[in-house]
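Structure first, then comments.
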Amino acid sequence: MKKRVVITGLGIVAPNGIGLEAFTHAIKNGISGIEFHPELERLKFSCQIAGTPKISEEIKRNYFSELELRSFNSSGILYGVIAALDAWKDAGLTLENNDQPDWDSGTIFGSGTSGIETFREAIYKIDAFQTRRLGSTVVAQTMASGVSAYIGGKLGLGNQVSTNSSACTTGTESILLGLERIQNGKAKRMLVGSTSDSGPYIWGGFDAMRVCTFKHNNAPENGSRPMSASASGFVPSSGAGALVLEELESALDRGAKIYAEISGGNVNSGGQRGTGTMTAPNPIAVQKCIRAALEDAGIHPNEIDAINGHLTATSKDALEIENWTQALQRKGIHFPYINSLKSMIGHGLSASGSMESVATVLQIYYGFIFPNINCEDVHPNILELIDENTIPKQMIKKSLNVVAKASFGFGDVNGCLIFKKY
Amino acid sequence: MTKEAIIEKLKPIVQPFVKNEEAFKNLTDTTDFITDLNINSANLVDIVLDIEEAFHIEIDNESMEKMLNVENTVAIIQKKLAAQ
């Protein structure tokens, strides 16, 4: 018998809000976190707008010691640690130094890269024959698992401490991995989520592929346009989202606040077969992933009240909607409400799935559906599939019972989670 | 440079890494960076880099291996300064 798993803590570092209060306010009111970046202009990027959380030196010092901040230049670890520690505190768990590891608690915190700025500095030094001057923290900052290592050390976690990586599915996958570990009785609490580095060295490759919009450099807040007929590519972004997953029994014993239950989920891959490639999803796999997640959760497709989509604002948005209609066998006015956080914060890459899951859980807990901004002109191909009223452009106050969240990533990988009101 | 002057210059370099403030306050010749000051051994390379910068010297790997307490560290700095 699988154990039931609930969410008892949340943490968020997003371009439009750091901390739950600011972020909840932002997503309810459709506040964009996308800005013009002079540095991207200087570097001759096509897309010169992006999303970056603003972390003051003062906030940094609430989470890191002066010693830790020496030669520290890893935005992904910075965002991840802040989100993770906030989630831990939000769950009512202690941050005091424990003499013994907490054997029942672990973390799976995903990342696409780590410390890419530090990596760049190190490469310049090595090529200048200065390897001996790298200092002691290059490894910890640039190893893929840097973020989970920092988190594990700060909290004294004694269960699994690891980092997963599956492109834009990373955040959603981390939650599923934590869920399964608790369901299987191998941990009582898993701090899950994901982070993404910020800046030109992480975004450059996407700019080169021409998958980011170059049409909104003068109007940053209008740049990220999921489901819109005038969508012209995604807006690169960054940040971190964190969730404390906990065995229901443990949460009840502690009298913890319960945000929602995670009923189930699924990850799979289209194998880059059929129409699936390194960069395009195989629709058969996407639909299979969604259906398998529902089956795992024991939820009928008709029970879904809302969908938090992947929906990046590229030409693939209509295909995603078609996949949902096929997987759920629901269309037109019978389709659930659907929204995309990317309209406000852009595409957080490896951080997207976790930031979007935090938004999904907040919707269930507080009973609202956040608005899609920048889609006053819904794409006609999408309107052939679903009714326009299922795409809210203003916040809707509504009690939600079941919400599905999906992410899709390079490598033809898919992830879907089913969140349920507790 | 006198031993005392070197120690005065050394203290602020070592301080950020110290985990035992009491032992740091009572610093002597035999104070060991790892066992007395509880400095993380990985940080010794950072201390050596800061010493190199502050004293304008270069410390080879063999010398670095010996820089585990105050006395040896001062001796190595003196030797490197003298060689200039």
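The values are calculated or read from the model by the stated rules, or taken from the named source; none is laboratory data. Source: prediction; values computed, not measured. Note that each Cβ is placed from the backbone with ideal geometry, even for glycine, and that neighbours are counted across all protein chains shown.
So here's what we get for this one:
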item	result
Residues located in segment A:1-43, provided they are in a loop (DSSP other than H, G, I, E, B) and either of a type in the set (D, E, K, R) or under 28 Å from residue A:188 (Cβ atoms) (or both)	A:1, A:2, A:3, A:4, A:19
Unmet requirement for residue A:206, which otherwise passes all of (1) out of contact with any strand residue (DSSP E or B) (no Cβ under 9 Å at 6 or more places or on another chain); (2) farther than 30 Å from residue A:295 by Cα; (3) outside any loop (DSSP other than H, G, I, E, B)	(1)
Residue A:347 buried (at least 18 other Cβ atoms within 10 Å of the Cβ) and touching a Cys at 6+ places or on another chain (Cβ under 8 Å)	yes
Number of the exception - residue B:43 against (1) surrounded by 15 or more Cβ atoms within 10 Å (Cβ to Cβ); (2) outside any helix (DSSP H, G or I); (3) polar (S, T, N, Q)	(2)
Criterion violated by residue A:164 - all others in (1) assigned to a loop (DSSP other than H, G, I, E, B); (2) in contact with a helix residue (DSSP H, G or I) (Cβ under 9 Å, 6 or more places away or on another chain); (3) within 14 Å of chain B (Cβ to nearest Cβ) satisfied	(3)
Residue in segment A:21-55 that is surrounded by the fewest Cβ atoms within 10 Å (Cβ to Cβ), counting only those that are in contact with a helix residue (DSSP H, G or I) (Cβ under 9 Å, 6 or more places away or on another chain) and of a type in the set (Gly, Ala, Ser)	A:46
Segment A:85-113, subset buried (at least 16 other Cβ atoms within 10 Å of the Cβ) and aliphatic (A, V, I, L, M), residue farthest from the other protein chains (Cβ to nearest Cβ)	A:91
Single unsatisfied condition, residue B:69 versus (1) more than 21 Å from residue A:65 (Cβ to Cβ); (2) under 10 Å from the mean Cα position of the chain (by Cα); (3) within 10 Å of chain A (Cβ to nearest Cβ)	(3)
The listed residue being within 23 Å of residue A:355 (Cβ to Cβ) and either touching a Pro at 6+ places or on another chain (Cβ under 6 Å) or in the same structural domain as residue A:13 (by the TED database) (or both), out of A:128, A:167, A:122	A:167
Any hit, segment A:67-84, residues being within 14 Å of another protein chain (Cβ to nearest Cβ) and charged (D, E, K, R)	yes
Of the criteria (1) buried (at least 24 other Cβ atoms within 10 Å of the Cβ); (2) touching a strand residue (DSSP E or B) at 6+ places or on another chain (Cβ under 6 Å), which one residue A:75 fails	(2)
Check on residue A:392, farther than 24 Å from residue A:236 by Cβ, modelled with pLDDT of 95 or more and assigned to a loop (DSSP other than H, G, I, E, B)	yes
Helices (runs of 4 or more DSSP H) wholly inside segment A:44-150 that include at least 2 residues being more than 29 Å from residue A:173 (Cα to Cα)	A:57-63, A:66-69, A:116-127
Residue within segment A:11-19 that is out of contact with any strand residue (DSSP E or B) (no Cβ under 6 Å at 6 or more places or on another chain) and under 23 Å from residue A:251 (Cα atoms) present	yes
Flag for residue A:198 being buried (at least 24 other Cβ atoms within 10 Å of the Cβ) and more than 26 Å from residue A:64 (Cβ to Cβ)	no
Output for segment B:53-63, where each listed residue is surrounded by 17 or more Cβ atoms within 10 Å (Cβ to Cβ), assigned to a helix (DSSP H, G or I) and either within 12 Å of chain A (Cβ to nearest Cβ) or not polar (S, T, N, Q) (or both)	B:55
Filtered residues of segment A:403-422 (kept if part of a strand (DSSP E or B) and surrounded by fewer than 24 Cβ atoms within 10 Å (Cβ to Cβ))	A:420
